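Input: a single structure, listed below in structure tokens.
The values are calculated or read from the model by the stated rules, or taken from the named source; none is laboratory data. None of the values given here were measured: they were computed from a predicted structure. Neighbour counts are summed over all protein chains in view; Cβ atoms, including those assigned to glycine, are modelled from backbone coordinates with ideal geometry.
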Amino acid sequence: MTNGLSASAPNHTESIDELVELLRETVVRLQPSSQEISDAWSTTQITMQQLRVMTILFHEGPTRVSDLARRLDVSTPTITGILDRLVRQRLSYRMSDPRDRRVVLNNLTQDGRDLVEKLMPAHGDNAERALVRLSHEERASLRESLRALLRVIPSGH
């Protein structure tokens, strides 16, 4: 312990390394297969960035441009361009905020919602199949751990 490191430092690093590897492997296993992705994407004309915007709108509903830009860590002109293309494709639309008519909100059309459901179901299916196989206690522990991890990860990262 002459260099100021405790004897437990290697164990700490090994523990972190193992957690990082476990997270990577979990993400890989939850991803839909390449064939599932290829089949779904072959029928669409949208970009990955457009899908990211659509996914946020799908889960959160009507959203301001500034909120989308912050979530995705891009400029508001970039989000506006993405939304313009989605509107032209009839996948999203703009509406006034009922609480403040000066505010413009963006939302998905039914076609947009249908497309997100078509492109994203395998992610949820894989996760759900795995989670139902865990005990109640394991799910509670996982929930607590994931919430703790999300607290230290910046939003939109």
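Observations on the model:
- The range 75-104, subset in contact (Cβ under 8 Å) with a residue 24 or more places away in the chain and part of a loop (DSSP other than H, G, I, E, B), residue surrounded by the fewest Cβ atoms within 10 Å (Cβ to Cβ): 89
- Within the range 54-71, the set of residues being in a helix (DSSP H, G or I), of a type outside the set (D, E, K, R) and crowded, with 17+ Cβ neighbours inside 10 Å comprises 54, 56, 57, 58, 65, 68, 69.
- On inspection, residue 44 passes the criterion of being in a loop (DSSP other than H, G, I, E, B) and surrounded by 12 or more Cβ atoms within 10 Å (Cβ to Cβ).
- Among the conditions (1) without any contact (Cβ under 8 Å) to a residue 24 or more places away in the chain; (2) in contact with a helix residue (DSSP H, G or I) (Cβ under 7 Å, 6 or more places away or on another chain), residue 53 misses just one, which is (1).
- Matching entry among 52, 139, 147, 90 (being on the phi > 0 side of the Ramachandran plot and modelled with pLDDT of 90 or more): 90
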